[in-house]
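Below: one structure, written as structure tokens.
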Amino acid sequence: MTETTTYDPKTTAVLCVDFYNDFLSEGGKLWPWVKEIAEEVGLLDNLRSIVRTAREAGISVYHVPHHRWEPGDYVKWKYPSPYQLGGAERQIFAKGTWGGTFHDDFQVQPGDIVAREHWASSGFPNTDLDHQLKRYGKEKIIMTGLLANTCLEATARIGMELGYHVTLVRDATSARSHEALHAALDIDGPTYAHEILTTAELVAAIKKARSRD
Amino acid sequence: MSTPVFEKDLTGLLVVDPYNDFISEGGILWPLVKEIAEAVHCVPNMLAILLAARAAGVRVFFAPHHRDRGREDEVEGWKYIAPIQKFGHERRIFGAGTWGGTFREEFTPLPGEVVAQEHWCSSGFANTDLDLQLKKHGIHKLIVTLVKDAIASYRWEEMQATLELNLPNYATSILSAADTIAALEHTTVDFDARNHARAP
């Protein structure tokens, strides 16, 4: 890549997709799904580094949470998806439980935006995420979180369709298999994402933009 | 997976980008999809499903990609253009008013079939009236490119990613063309039987 995007804090947001204990913490229901790749790429350290760098630079942190399971979910739905049925069966991200709470290191801080919960994969449909980004003048979204080929990709793709500049971060996500990660980052990503960076490249780009101020 | 029931009044067939540039010999993108398209019999299967849907009285919807307008194209002034849009615009893929930007002859919409507004990038829903058109027609079930041998891609790896990794997360059914056609034929029979029962 010749020239990395400039991440002006005024127009940039970091999207934290599903930073739940069920996904990111030892003992979480889906941690076994993502553990292997997460440990390989140093996911938790990278997320911490991106969120910290963003906060220091004045880039807004947007939490993009999946629907928290409650009793009765999907029972009367006409067409729940396989993912929704599987999630309900295991009570993933259950409301009011530790698993449905954000990881300790990524608690909501004053000034952060928490979008409404999304029902399936993408953080945009049926939520206020688009509105929350537009009302603060955000044009560039930096995608972090899980899973690379489901919620993260669906949110990134719809974000592109809605006109946002989209950045994927290779080592700030995980998936259930290397094939799934590869599909998300190396097959699908290059068709729609404006930038695909590593955490180190992203952190450098954010710091560079900051030093120009 | 059991064969789904395609109720005539609830089901729509969605045909995505049946442009000459994609699925006809001589089209700009045909060399990219040809190998896989021929191996899975993509075009004959698409056509067979279209004909089966029409015969069953299942409404047909077309979701066409944006037709490129060359130098006058709106994307020329866009602040952030996606890689795939840049690629398409540089090659004037699906050019407005050209053969490549015309549906392949067998896929010409018939009167009463719905052509949604052109989509700007990958999704037929984003920024178009497709959702509205489906809902206005009472459609709840979509037969899309989710028919596993009526879609094509540039590389086998992409096909595998789509069919084996991503589709199972969100698709209610993943069928072959033959199973889809069988289910559509069943639709007609069911419908006639129901009508017959109502009006002895």
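Residue-wise HN-Hα couplings along the stretch A:28-35, as the Karplus relation 6.51 cos²θ - 1.76 cosθ + 1.60 with θ = phi - 60° gives them from phi, are x, 5, 9, 3, x, 5, 9, 3 Hz; Gly and Pro carry x.
The alpha carbons of the stretch A:67-125 occupy a box of 39, 25, 15 Å along the principal axes, longest dimension given first.
The Rg/Rh ratio for the stretch A:148-213, using Cα coordinates for both the radius of gyration and the Kirkwood hydrodynamic radius, is 1.02.
Counting only protein heavy atoms and a 1.4 Å probe, chain B has 51 square angstrom of accessible area per residue. Every Cα-Cα pair in the stretch A:142-184 was counted, and those over 17 Å apart are 23% of them.
By the Stokes-Einstein formula, at 1.567 mPa s and 4 °C, the protein assembly as shown with its Kirkwood radius over alpha-carbon pairs has D equal to 57 µm²/s. Fully extending the segment from A:Glu70 to A:Asp112 would add 12.6 nm, taking 0.36 nm per residue of separation and subtracting the current Cα-Cα distance. In summary, the stretch B:96-166 shows an alpha-carbon radius of gyration equal to 1.31 times the 2.2 N^0.38 Å reference for compact globular proteins. Multiplying the residue separation of B:Arg91 and B:His186 by 0.36 nm and removing their Cα-Cα distance gives an extension gain of 29.9 nm.
Between chain A and chain B, the total buried accessible area stands at approximately 2100 Å², from heavy atoms with a 1.4 Å probe. Averaging sequence separations of C-alpha pairs under 8 Å and six or more residues apart, then dividing by the length of the stretch A:84-213, give the relative contact order as a whole percent. Contact order relative to length: 18 percent. Rounded to the nearest Hz, the phi-derived 3J(HN,Hα) couplings of the stretch B:27-36 under the Karplus curve 6.51 cos²θ - 1.76 cosθ + 1.60 (θ = phi - 60°) are x, 4, 9, 3, x, 7, 9, 3, 4, 6, where x marks glycine and proline.
With a 1.4 Å probe and all protein chains in place, put B:Tyr170, A:Tyr74, A:Tyr83 in order of accessible area, largest first.
Result, largest first: B:Tyr170, A:Tyr83, A:Tyr74.
For the stretch A:25-183, the fraction of C-alpha pairs farther apart than 28 angstrom is 18 percent.
List the pairs from A:Lys208/B:Lys79; A:Lys29/B:Lys136; A:Lys138/B:Lys135; A:Lys134/A:Lys208 whose alpha-carbon separation is above 29 Å, in the order I gave them. In this structure, A:Lys29/B:Lys136; A:Lys138/B:Lys135 lie more than 29 Å apart at Cα.
If you roll a 1.4 Å probe over the protein assembly as shown with all protein chains in place, what percent of the accessible area is carbon or sulfur? Exposed carbon and sulfur together represent 53 percent of the surface. Our coupling estimate for the stretch B:161-178, obtained by passing each phi through the Karplus curve with A = 6.51, B = -1.76, C = 1.60 and θ = phi - 60°, is 4, 5, 7, 9, 9, 9, 3, x, 6, 10, 7, 6, 9, 10, 10, 7, 4, 4 Hz, Gly and Pro reported as x. Residues whose amide H lies under 5 Å from that of B:Arg59, counting only those 5 or more places away or on a different chain, are B:Leu13; hydrogens are built 1.01 Å from N in the peptide plane. All alpha carbon pair distances within chain B were sorted into 10 Å bins beginning at 0; the resulting P(r) in whole percents reads 8, 32, 37, 17, 4, 1, 0. Relative to the longest principal axis of the Cα atoms of chain A, the long axis of helix A:43-57 lies at roughly 50 degrees.
The values are calculated or read from the model by the stated rules, or taken from the named source; none is laboratory data. Model, not experiment: these values are computed from the prediction. Surface accessibility is based on the protein's heavy atoms, side chains included, excluding ligands, DNA and RNA. Shrake-Rupley method; radii C 1.70, N 1.55, O 1.52, S 1.80 Å.
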